[in-house]
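Notes to accompany the following structure.
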Amino acid sequence: MSKVRKVKKVRLNLLPACIGMFFAMLPVAAQAQQSGVSVALSDNLIVLEQRSRSGTIELVNLASDPTEFRISILGVTDSEVDGSDLIRWAPQRALAPANRTLPFRVSARPPGDLPAGEYLIRVGVTAEVQAPPPIPRDDDDTEEPEAAIAVVVPIVPTLPVTVYYRHGIETPMVDAKPLVETPDDEKFIGYFPVVKQQPNYSFVGTVQVIEKTTGTLINRGRLHLRQSTEQSNVRMPRGEQNMIENGVYCLQIWDHWPGEGAPTKEVCSG
């Protein structure tokens with residue numbers, strides 16, 4: 001158990017990844033604040049592979065009271081491959097003291113005859129603040145309590161976590177096309193279309209946009225395309241970084257998150 005480190009607050013986006021992506025929100029930290037509950041996850045996505053069959057994220061209690069975390073299976077869609085028989089996770093429930101974190105661990109235990117493919121589970125992390133102990137009354141307190149009726153309906157937040165296990169397959173990758181400019185769009189300069197090379201598998205990687213002649217970093221983040229999502233758009237938001245006349249804008253892609261070393265693929269405009 002560890003003290004809470006500062007977690008960047010972001011809104012949890014539950015929309016499908018097929019919607020054009022604005023990836024400046026990363027690194028990911030899903031957070032909920034309701035009814036005295038203030039909790040977060042250090043991430044909401046874990047990728048396991050044959051060479052790395054275990055992973056961990058942190059369940060974060062930002063509240064000033066103890067919080068109980070409970071984890072349960074949410075199920076998968078008809079287009080996804082259920083991995084609940086292969087992927088183990090713990091704990092199922094645990095109490096986190098105020099301003100502390102708890103590790104949530106997952107591991108894959110595939111049988112020897114498991115067919116090659118990508119399997120997943122989706123779990124929900126539910127948190128509920130523990131009620132403080134009652135304050136004892138003084139023995140000489142003879143004051144009658146006021147008659148009152150109180151009804152408390154707690155709002156319990158549930159944050160989803162997706163876990164992939166890739167067995168006997170190469171790390172999925174995407175193809176990309178040059179920048180498509182959108183001069184009439186008030187929010188975005190343009191976008192790079194990306195399409196999965198393996199349509200039945202997810203893609204979880206790092207993308208960044210740079211201006212190549214100056215090396216200026218325009219944006220960077222994680223790109224996640226679900227098993228059921230074949231393509232998406234990596235958008236360039238308008239802001240402080242305006243397009244340079246005759247500039248060369250490049251999308252760099254890594255097939256893992258976070259991206260390290262040289263990019264796996266680069267596609268440039270112009």
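Expressed as a fraction of 2.2 N^0.38 Å, the C-alpha radius of gyration for segment 174-268 is 1.06. Full extension of the chain between ASN246 and THR77 yields a length gain of 56.3 nm, computed as 0.36 nm times the residue separation minus the alpha carbon distance. Normalising the average separation of contacting C-alpha pairs (under 8 angstrom, six or more residues apart) by the number of residues puts the relative contact order of segment 174-268 at 31 percent. I'd like the FRET efficiency for LYS265 and ILE169, computed as 1/(1 + (r/R0)^6) with the beta carbon distance as r and R0 of 22 Å, rounded to 0.05. Plugging the Cβ-Cβ distance into 1/(1 + (r/R0)^6) gives 0.75. Taken over segment 174-268, lysine pairs spaced eight or more positions apart, or on distinct chains, with alpha carbons under 20 Å apart number 5. Model label sites at ASP65 and ALA94, defined 7 Å from Cα along the beta-carbon direction, differ in position by 2.2 nm.
Readers should treat all values here as calculations from the given coordinates under stated rules, not as data from a laboratory. Computed from a prediction, not measured in an experiment: that's the story for all the values here. Virtual Cβ from ideal backbone geometry, glycine too; neighbours counted across all protein chains shown.
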